Number of protein chains: 2
Amino acid sequence: MSAAPARAAPRTPLAPAFVETLRGLFGDRLHLGEAVRAQHGASETHFAAAMPDAVVFARATEEVIALVKACAAVEVPIVPFGAGTSVEGNTTPVRGGVTLDLSEMNQILSVNREDFDCTVQAGVRREELNLALRDQGLFFPIDPGANATLGGMASTRASGTNAVRYGTMRDAILSLRIVTPHGRDIRTARRARKSAAGYDLTRLMIGSEGTLGIITEVTLRLWGIPEQISSAVCSFETLAGAVDTVVQTIQLGIPLARVEILDDVQMKAVNQYSKLDYPELTTLFFEFHGSEHAVKEQVAMVGALARDNGGGEFRWSNLPEERAKLWKARHQAFYAATAMRKGAIGWPTDVCVPLGRLAECINETKQDLEKASFPAPILGHVGDGNFHVIFVIDPNNPAEHKEAEALNQRLVQRALDMDGTCTGEHGIGLGKQHWLVRELGEDGVDMMRTIKRALDPKNLFNPGKIFAD
Amino acid sequence: MSAAPARAAPRTPLAPAFVETLRGLFGDRLHLGEAVRAQHGASETHFAAAMPDAVVFARATEEVIALVKACAAVEVPIVPFGAGTSVEGNTTPVRGGVTLDLSEMNQILSVNREDFDCTVQAGVRREELNLALRDQGLFFPIDPGANATLGGMASTRASGTNAVRYGTMRDAILSLRIVTPHGRDIRTARRARKSAAGYDLTRLMIGSEGTLGIITEVTLRLWGIPEQISSAVCSFETLAGAVDTVVQTIQLGIPLARVEILDDVQMKAVNQYSKLDYPELTTLFFEFHGSEHAVKEQVAMVGALARDNGGGEFRWSNLPEERAKLWKARHQAFYAATAMRKGAIGWPTDVCVPLGRLAECINETKQDLEKASFPAPILGHVGDGNFHVIFVIDPNNPAEHKEAEALNQRLVQRALDMDGTCTGEHGIGLGKQHWLVRELGEDGVDMMRTIKRALDPKNLFNPGKIFAD
């Protein structure tokens with residue numbers, strides 16, 4: 001059962017000679033057994049599994065090049081795979097072939113403290129990177145929740161809780177090392193903070209979901225750990241009050257580092273799952289970065305706005321443990337939601353609308369969800385106009401699946417009607433292919449297809465993604 | 001005489017039937033006379049002129065589509081033209097054809113105050129936009145100095161004095177309306193602040209210098225006019241002291257809105273041209289944006305850093321007239337430089353390096369310039385690692401041209417050796433084509449060419465730019 005059934009094209013098993021080639025390249029890092037293949041074919045969310053024919057674990061760009069050349073010679077697809085935390089079926093190998101697991105490419109290659117950048121292999125995960133940077137007073141802010149790999153985050157143009165202040169992966173990447181479908185090794189840019197040198201290959205690769213090139217190294221902008229970090233939490237009687245607080249904060253130019261909304265349903269789930277006792281009302285989680293004075297001023301201003309919009313107590317704190325508690329609860333929100341029902345799975349949606357339409361969009365969505373026959377908490381990165389609903393459904397109940405699908409259709413249509421996008425940060429993958437056409441028109445998507453055909457004429461890189469058959 | 005001689009391919013005059021088609025489309029907005037053609041074939045800087053065969057002034061996207069279809073039918077090139085302020089020969093019609101002047105597409109189509117965005121026709125200039133926005137408490141920060149059109153700024157991925165705080169055109173554009181080489185009308189994105197919907201067509205078009213699509217509308221992010229704006233100016237005994245002040249400021253995370261360096265030679269030129277009496281030493285111009293308290297704190301911190309690095313009096317002011325004086329002087333720097341010698345022209349260079357290498361790069365450049373036989377002031381957007389030298393040369397002296405060329409070669413090589421870029425914000429145009437290959441390698445540029453061929457198979461959109469013959 002699936003919103004976007006895995007359209008597995010008929011295919012033949014891998015030729016023995018090709019398997020021997022892979023074994024020669026990867027030795028015992030070639031996996032043909034069902035367990036490893038199944039693990040790389042499963043989805044975190046509601047997509048049907050589809051097995052790759054083989055899984056290889058690469059450790060160097062040179063191995064990726066050799067793999068690409070071997071696959072190209074016999075026209076076998078390649079699906080790059082990081083932490084497997086994407087949620088639109090982005091890594092599901094719907095055409096089989098080889099899944100290239102990059103998680104063992106986990107070396108931090110250089111940290112340039114003076115330049116505020118670093119270069120990492122694509123399989124480095126964001127939490128490990130931040131642990132390694134901490135001693136140098138640096139951090140990498142982009143935080144999609146899951147402990148994803150940097151290569152995966154680049155591939156889906158991820159963002160998350162800090163994007164309101166620090167931007168998305170689009171903004172935080174200086175350069176990529178990629179392997180093309182012809183097995184060429186390209187560095188898309190140098191390390192300068194800005195450049196006007198020809199087409200923006202870096203941005204073309206970011207968000208292309210492995211369909212144009214395989215990212216093997218990522219050069220990231222870094223930031224200094226702020227002098228002061230404070231967090232705050234505030235509950236609201238009405239959803240509109242919470243959203244208006246955020247919109248007014250942004251409009252005043254107050255540089256929030258993070259601001260997340262969790263509705264009453266999500267707060268109940270969080271309390272249960274994380275053993276917390278927050279009021280079960282629509283709630284905002286905040287984080288403020290800056291000098292001591294600047295943070296104090298920001299907290300006071302936002303606190304006043306919250307009060308004006310019917311917020312309850314504005315509980316702020318400078319304590320790292322308070323902050324950790326808050327963000328741990330936020331990061332577990334997806335698992336907390338799915339834990340609301342035994343045996344349920346979570347289907348996270350993802351829309352983003354212009355800021356002035358956000359309250360209206362969330363309100364209408366909330367009303368639509370009132371009729372739902374399953375829990376459907378709302379949470380989101382409201383400072384960007386981006387929010388999610390998590391449909392907590394029984395995977396064995398087709399009626400619930402159909403109902404979720406209809407709710408999602410209405411949600412995305414609502415966002416498009418407000419000149420928003422069908423995906424703020426999860427990507428197109430399998431789940432949003434038809435919406436991409438609705439959002440940008442046939443001509444826009446045709447321009448993308450033209451680029452895909454030109455760069456990957458045999459359609460071997462993550463085939464079946466982004467573009468509908 | 002030219003650093004990059006206009007490689008005018010042999011061509012035939014426009015066919016009479018095609019001219020009649022153009023006249024039918026544009027009436028008296030079709031220009032065949034020498035004066036208008038010459039005006040569109042000249043360069044602001046050191047590039048040889050090359051005449052278009054015709055100039056048309058469009059007023060609507062529909063006219064651009066009709067023009068593209070007419071030109072495609074007979075394979076006549078089209079060169080889009082905004083304010084003509086680009087400096088790498090980006091609009092020089094080296095293959096002749098039709099120059100499409102977009103300056104009459106100067107309507108502000110919508111301002112969405114609540115969403116902090118606006119949509120303008122491509123020919124709107126940035127100063128006119130800011131005048132129109134002021135009453136609503138909004139502004140558009142990107143400021144390349146010249147009063148360029150927004151379409152032109154998008155095409156060259158412009159940035160300038162505010163980029164250290166607000167980013168470049170890459171960051172400030174939400175969406176573009178473009179006409180493709182096949183005459184299709186595409187909107188590259190919706191108005192959401194972020195999106196993960198397929199390939200980033202918006203970023204692919206930004207910086208593509210009219211070679212992939214003709215930009216007819218631009219949707220821009222806007223910002224609220226800050227509560228407090230202060231400016232400051234400070235002279236330094238040494239160039240290193242000035243650069244170190246900036247680098248330390250950035251490293252401390254102090255959110256400067258603008259920071260510009262002008263060396264002793266440039267300050268002398270500015271004083272003469274703008275009738276000012278600044279000390280003729282390396283000087284930093286600053287601007288601070290924020291709340292009253294935040295700006296006060298920033299000014300104090302940066303003032304202290306300047307003192308530590310041998311800065312003189314840190315003259316700061318909240319007065320708009322002081323600020324206007326400062327930025328007028330900065331904006332006239334190019335004209336001030338060329339005015340240093342009667343009959344001279346200015347050749348502005350443009351490199352950008354990782355922040356930690358900036359002092360070294362500027363210092364080595366300054367030493368190299370000491371031997372120059374003409375004035376060569378340095379100025380730049382130091383907060384981004386980006387700076388320019390202006391070679392003030394006699395256009396009729398081939399030896400000076402050759403000398404400037406050699407200095408420029410050494411400058412760009414120095415920047416590349418430091419993992420920087422051959423152009424921070426001016427683009428490739430005619431002047432940096434070979435450097436693009438040195439910067440990204442044959443494979444990187446080949447990927448760009450593949451995209452160009454796929455989207456513009458007849459090579460009709462601004463041919464001869466970005467890619468060397």
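Roughly how far apart, in whole Å, are the Cα centres of segment A:280-358 and segment A:409-469?
Value for the Cα centre distance between the two parts: 30 Å.
R0 = 45 Å: FRET efficiency of A:Glu34 with A:Glu322, Cβ-based, nearest 0.05?
0.50
Taking amide H positions as placed 1.01 Å from N in the peptide plane, with prolines and chain starts having none, which residues 5 or more places from A:Asp350, or on another chain, fall under 5 Å of its amide H?
Answer set, sorted by chain and number: A:Val389.
Per-residue Cβ counts within 10 Å, from other chains only, averaged over A:203-210: what number is that?
On the way: counts 9, 8, 3, 4, 7, 3, 3, 0.
Average per residue, whole number: 5.
Cα-based count: Lys pairs in segment B:301-439 below 28 Å, eight or more positions apart or different chains?
Count of close lysine pairs: 13.
Once each part is reduced to its C-alpha centroid, what is the distance from segment A:119-155 to segment B:160-236 in angstrom?
With segment A:119-155 and segment B:160-236 each reduced to a Cα centre, they are spaced 27 Å.
Can you list the HN-Hα couplings for segment A:418-423, worked out from phi with the Karplus curve (6.51, -1.76, 1.60; θ = phi - 60°), rounded to whole Hz and with x for Gly and Pro?
Whole-Hz 3J(HN,Hα) from phi for segment A:418-423: 9, 6, x, 10, 6, 8.
Once label points are set 7 Å from the Cα along Cα→Cβ at both B:Ala304 and A:Asp277, what is their separation, rounded to one decimal in nm?
Each label point is offset 7 Å from its Cα along the Cβ direction, giving 4.3 nm.
Which value in deg cm²/dmol, rounded to the nearest 500, describes the helix-derived mean residue ellipticity at 222 nm for chain A, given -39,500 (n - 2.57) per DSSP H run of n ≥ 4 and division by the residue count? Don't skip to the answer; put the middle values down first.
Details: 16 runs with 175 residues, N = 469.
It comes out at -11500 deg cm²/dmol, rounded to the nearest 500.
When you look at the Cβ of every residue in B:348-355, what mean number of other chain Cβ atoms sits within 10 Å? Could the numbers behind the result be given before it?
On the way: counts 0, 0, 1, 2, 8, 5, 10, 8.
Per residue, the average neighbour count from other chains is 4.
Let me know the mean shielding of A:444-457 by other chains, meaning the per-residue number of their Cβ atoms within 10 Å of its Cβ. Let's see the in-between values first.
On the way: counts 12, 5, 4, 15, 6, 3, 6, 7, 3, 1, 8, 4, 0, 1.
What the average comes to for A:444-457 is 5.
Read phi for every residue in segment B:98-108 and hand back ³J(HN,Hα) as whole Hz from Karplus 6.51 cos²θ - 1.76 cosθ + 1.60, θ = phi - 60°, with x for Gly and Pro.
For segment B:98-108, the Karplus-derived couplings read 9, 8, 9, 8, 9, 5, 8, 8, 10, 9, 7 Hz, x marking Gly and Pro.
Going by average Cβ density within 10 Å per residue, which order do the peptides B:373-386, A:388-401 take, highest to lowest?
Details: B:373-386: 24.4, A:388-401: 19.6.
Averaged packing, sorted descending, gives the order B:373-386, A:388-401.
Taking every pair of distinct Cα atoms and averaging 1/r, then inverting, what Kirkwood hydrodynamic radius in Å comes out for the protein assembly as shown? Working shown, then result.
Working: mean 1/r = 0.0348 Å⁻¹.
So the Kirkwood estimate lands at 28.7 Å.
So, counting K/R as plus one and D/E as minus one, what does the shell of residues with Cβ under 9 Å around B:Thr119 add up to?
On the way: positive: B:Arg177, B:Arg191; negative: B:Asp117, B:Glu217.
Value of the local net charge: 0.
Each reported figure results from applying straightforward, stated rules to the coordinates on display, with no laboratory input. Just so you know, these numbers come straight off a predicted model, no measurement behind them. FYI the Cβ positions are ideal-geometry reconstructions off the backbone, even for glycines, and counts take in every protein chain you see.
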